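**Q** Take a look at the following structure, please.
Read the figures in this text as sums done on the coordinates, not as results from a lab. Since we're looking at a predicted model, the values are computed, not measured. Here the Cβ positions follow ideal geometry from the backbone for every residue, glycine too, while neighbour counts run over all protein chains shown.
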């Protein structure tokens, strides 16, 4: 028995000149997991924000259970049984789970009967859907995965029949993703309807029963998941066929350009995060570093690029010692010696998002000729340089004067990459090069990294995307709990083997 | 209400229309005050305009106040680009004045133009030194500059009172002030200039420091947007993590930004000591340091915005004194309240109507574009 729970007809939404949603029609059936897939900026989040009442559509109708409704605010959506889990959680960090969930729905001045009832209801919900949340724990003590569950619980408590999840796995570790998927499946079993917004094909194939594809603000196709495959979906998303596997030449590794001996690094809280790590990267090879987020990769990258102090051990660049716990080069000096770094978190570290694009395109190189002469910035040369590399790296739009935060994630990443690669570094440290980047840009970025390798650079690739590590690297090491727990040649390794290493099982 | 796409908002809407609307609202509310006080608001506006523009000396007074607000406004703006909330302009200006006086009186044997240049340098160095201590504490120990700079205002005030009473007081006089500088060291005033052209006018405190304020504006513009230092300061201000990644030292830039800020505040001492009082009098910064914060915020921390904002406050100061003179029900404190309302609307409530105004214009422009 299939009955539609949510029907959208001819939805249009514009922001200024941008037509974010064009004549969208979408029917979601009760008790299904419905995937909405599309590149970043395809209009998925806008559409779901309309359904959740955050934006109002310029035209079109929304029906829930066959009845036309008018959504003016999230409150209207909640009344109509629509709940949403945002990419960025809306939780008060120093409140407990219980306090967060009843926030705005307390129902009484002095806590008493209603609170007890709420507790009981929440416990029941937790048991039904195996959420496994302690209602009395404080949000700031919970991991990202658990915070997400709190958001789900919050929606359920408010009576959500339709649950919209916006890019739910972007912040999760693979284990947490598995847990989340289990929860989502059990929600479906209990008759809830789930709308999953994502740009990850694998999640669509894994979880959904139906899928709708968006491209440039339009709905380009609906299909049953069982009738399609990854390649077909990818093609629909970008409007052309995409190379999911990379063609790359045989590795021609040369001398060791970058090596790390017995490196130990502590984090800001004085916890040892990198434990006696040894690494060697040769000219012309990509060394992939796989691992679940939070196993010391971030601290390792920061130490290697001169941002974080080395606790003990040594780092060598072209055979010369550059850092130990006594003497270390700062990021600027390492850059001068030919080491470039694409940081894991582009908005926190790689860019000043309030800067104009051209200011970010020289970031870290701004004191060099010809960008700056005796401390005065050479505006004309900076702009012409920016235009040149924006064209070369296909950064869109090609306007050096645009504020960086107005670029999409993929284009922001291209700004960083073009800046760092343009210097032709001998050693390149890359963290999560394609996190939050759409498929078209991923392909481009991967190709650039391969080009760098073929030109003889030594590249360290840190990524939580196993696919990425597998398709790019020549050798792979796995990091777990701050230690290197295994090294594999890319030719004879499976993702299963790596997965076990990443989980610390072997 | 849906948020407006920021990139679609024309620059003149956010930088001209919004401040003007806020200013109008502030003036309407101020008009209400005046009405409640039992005076005619329309008449008050007429008096303000007459007082600040209506006769040459009044206009000169307006520009004299403008000079001070430019210095303190620029001072706040420079630190703010490094996301440092330097509210110590008052104290830095006070100590800057000490620098001016000490240099001028001790180097009086040198040719006058050299004394002037050295005195200006003295103002900058003393102001910067007073800002350096909070800057150092912020950079190394994370002591917040808002707390330390306001403390340093009090310390500066106490220190100056001590010096003016016990150390450098003019012992032939009763008041807490120093001896006057030799007359030939005084900055040429507007009156002197007018005299050169045979125009006779009465006294006003306007002097060539006004030109120094214009120069300082150009300097700040160049520093913040055209040099590596400004670039690095802004990078640290907007995203400290990214600055560290790019090899830019937050430590160094916090100190540089605060010292430049303090130096600019110190220049207020040049206007007051060389141009007006010709000696240090107790409490000469008279709140300009604090008003400079509002000037900078209203001028969006850009010299091009700071100039009109400083001019506006100049009008209010000068026109306001005219009003209090002619309207018995309006006291000096009434105009402090008017300033407060302007600061409230253009500072604290700056974004009160911004979304509505911006979406109004964006929608209008869209209709036009699609028509």
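**Q** Run lengths n ≥ 4 of DSSP H only: what is the helix-derived mean residue ellipticity at 222 nm for chain A, with -39500 (n - 2.57) per run over all residues, to the nearest 500? Write out the running numbers ahead of the final one.
**A** On the way: 16 runs with 159 residues, N = 506.
Helices in chain A give a 222 nm mean residue ellipticity of -9000 deg cm²/dmol.
**Q** So how much slack lies between residue B:146 and residue B:163, counting 0.36 nm per residue of separation and subtracting their Cα-Cα distance, in nm?
**A** Working: separation 17, 0.36 × 17 = 6.12 nm, distance 2.57 nm.
Separation in residues times 0.36 nm, less the Cα-Cα distance, equals 3.6 nm.
**Q** Right, here's the next one. What distance in nm lies between label points placed 7 Å from Cα along the C-beta direction at residue A:375 and residue A:483?
**A** Output for this residue pair reads 5.1 nm.
**Q** Once fully extended, how much extra length lies between residue A:332 and residue A:312, figured as 0.36 nm per residue of separation less the alpha-carbon to alpha-carbon distance?
**A** Details: separation 20, 0.36 × 20 = 7.20 nm, distance 2.14 nm.
My answer for the length gained is 5.1 nm.
**Q** While we're looking at this one, here's another question. Once R0 is set to 22 Å, what does the formula 1/(1 + (r/R0)^6) return for the Cβ-Cβ distance between residue A:136 and residue A:116, expressed as a FRET efficiency to the nearest 0.05?
**A** Numbers: r = 14 Å, r/R0 = 0.62.
E(calc), rounded to 0.05, equals 0.95.
**Q** A follow-up question, please. Reported to two decimal places, what Rg/Rh ratio describes the stretch B:65-170 when computed on Cα atoms with Rh from the Kirkwood expression? Spell out each step's value before the answer.
**A** Details: Rg = 14.9 Å, Rh = 14.6 Å.
Value, to two decimals: 1.02.
**Q** Can you put A:92, A:64, A:265 in order, fewest other beta carbons within 10 Å first?
**A** Working: A:92 12, A:64 21, A:265 24.
Going from sparsest to densest Cβ surroundings: A:92, A:64, A:265.
**Q** Counting only other chains, what is the mean number of Cβ atoms within 10 angstrom of the Cβ of each residue in peptide A:346-355?
**A** Mean shielding by partner chains, rounded to a whole number: 5.
**Q** Taking every pair of alpha-carbon atoms in chain B, give the share separated by more than 26 Å as a whole percent.
**A** Working: 38330 of 68635 pairs.
I get 56 percent for the Cα pairs in chain B exceeding 26 Å.
**Q** Beta carbons within 10 angstrom, averaged per residue: use that to sort the peptides B:215-227, A:446-458, highest first.
**A** Most protected by this proxy first, the peptides run A:446-458, B:215-227.
**Q** What spacing in nm lies between the two simple spin-label points modelled at residue B:356 and residue A:90, each 7 Å away from Cα in the Cβ direction?
**A** 2.4
**Q** Can I ask one more? What FRET efficiency do you get for residue A:368 and residue A:235 if R0 is 41 Å and r is their Cβ-Cβ distance, rounded to the nearest 0.05? Before the final figure, lay out the partial values.
**A** Values: r = 43 Å, r/R0 = 1.04.
Computed FRET efficiency for residue A:368 and residue A:235 comes out at 0.45.
**Q** Shielding by partners for A:329-339, please: the mean number of other protein chain Cβ atoms within 10 Å of each residue's Cβ. The partial results should precede the final answer.
**A** Values: counts 1, 4, 6, 4, 1, 1, 2, 1, 0, 0, 0.
Mean partner shielding for this stretch: 2.
**Q** Taking the convex hull of the alpha carbon atoms in the stretch A:292-417, what volume per residue do you get, in Å³?
**A** Details: hull volume 16.8 nm³, N = 126.
Once divided by residue count, the hull of the stretch A:292-417 is 134 Å³.
**Q** Next up: Relative contact order (percent) for chain A, with alpha-carbon contacts under 8 angstrom and 6 or more residues of separation? Write out the running numbers ahead of the final one.
**A** On the way: 990 pairs, mean separation 72.8, N = 506.
After rounding, I find 14 percent.
**Q** Kindly put B:12, B:229 in sequence by how many other C-beta atoms sit within 10 Å of each C-beta, fewest to most. Write down the numbers at each step before the final one.
**A** Values: B:12 10, B:229 18.
The fewest-first ordering by Cβ neighbours comes to B:12, B:229.
**Q** With all pairs of different alpha carbon atoms counted, what Kirkwood hydrodynamic radius in Å does chain A show? Let's see the in-between values first.
**A** On the way: mean 1/r = 0.0403 Å⁻¹.
For chain A, the Kirkwood estimate is 24.8 Å.
**Q** Rounded to the nearest 5, what is the percent of antiparallel bridges among the DSSP beta bridges in the protein assembly as shown? If you can, show how the numbers build up before the last one.
**A** Values: 51 of 89 bridges.
Bridges in the protein assembly as shown are about 55 percent antiparallel.
**Q** In addition: If R₀ is 30 angstrom, what is the calculated FRET efficiency for the pair residue B:194 and residue B:15, using the beta carbon separation as r and rounding to 0.05? Working shown, then result.
**A** On the way: r = 35 Å, r/R0 = 1.18.
So the FRET efficiency works out to roughly 0.25.
**Q** What nm value, rounded to one decimal, do you get for the distance between residue A:220 and residue B:215 when each label is placed 7 Å out toward the C-beta?
**A** 6.2
**Q** Distance from the Cα centre of the stretch B:16-73 to that of the stretch A:18-72, in angstrom?
**A** 51
**Q** Rg (Å, one decimal) plus Dmax (Å, integer) for the alpha carbons of the stretch A:85-192?
**A** My reading of the Cα-based Rg and Dmax gives 13.5, 42 Å.
**Q** Normalised by the number of residues in the stretch B:70-301, what is the relative contact order in percent for Cα pairs under 8 Å and 6+ residues apart? Don't skip to the end; give the middle numbers.
**A** Numbers: 429 pairs, mean separation 102.4, N = 232.
It rounds to 44 percent for the stretch B:70-301.
**Q** Give me log10 I(q)/I(0) at q = 0.19 Å⁻¹ for the stretch A:418-506, Debye formula, one equal scatterer per alpha-carbon, no solvent.
**A** -0.93
**Q** Let me ask something else about it. Which percent, to the nearest 5, of DSSP beta bridges fully inside the stretch A:26-169 are antiparallel? Spell out each step's value before the answer.
**A** Working: 4 of 8 bridges.
About 50 percent, rounded to the nearest 5.
**Q** Mind ordering B:72-85, A:250-263 by average Cβ neighbours within 10 Å, highest first? Present the calculation step by step, with values, prior to reporting the outcome.
**A** Values: B:72-85: 27.2, A:250-263: 17.0.
The most tightly packed comes first, giving B:72-85, A:250-263.
**Q** State the extension gain, in nm to one decimal, for the chain segment bounded by residue A:247 and residue A:29, taking 0.36 nm per residue of separation less the distance between their alpha-carbons. Write down the numbers at each step before the final one.
**A** On the way: separation 218, 0.36 × 218 = 78.48 nm, distance 4.05 nm.
That works out to 74.4 nm of additional length.
**Q** For the stretch B:1-72, compute the orientation-averaged projected area of the C-alpha convex hull (one quarter of its surface), in nm². Intermediate values should be presented prior to the final figure.
**A** On the way: hull surface 32.0 nm².
Taking the Cα atoms of the stretch B:1-72, their convex hull projects to 8.0 nm² on average.
**Q** Assuming a viscosity of 1.567 mPa s and a temperature of 4 °C, what translational diffusion coefficient in µm² per second does Stokes-Einstein assign to the protein assembly as shown, Rh being the Kirkwood radius over Cα pairs? Walk me through the numbers on the way to the answer.
**A** Numbers: Rh = 31.4 Å.
For these conditions, the coefficient is 41 µm²/s.
**Q** Along each of the three principal axes of the Cα atoms of the stretch A:4-238, give the extent in whole Å, ordering the values from largest to smallest.
**A** So the three principal-axis extents are 52, 37, 30 Å.
**Q** For the stretch B:341-366 and the stretch A:268-282, what is the separation of their C-alpha centers, rounded to whole Å?
**A** 50
**Q** Within 10 Å of each Cβ in A:140-146, how many Cβ atoms from other chains are there, averaged over the peptide?
**A** Working: counts 0, 0, 0, 0, 0, 0, 0.
Mean shielding count: 0.
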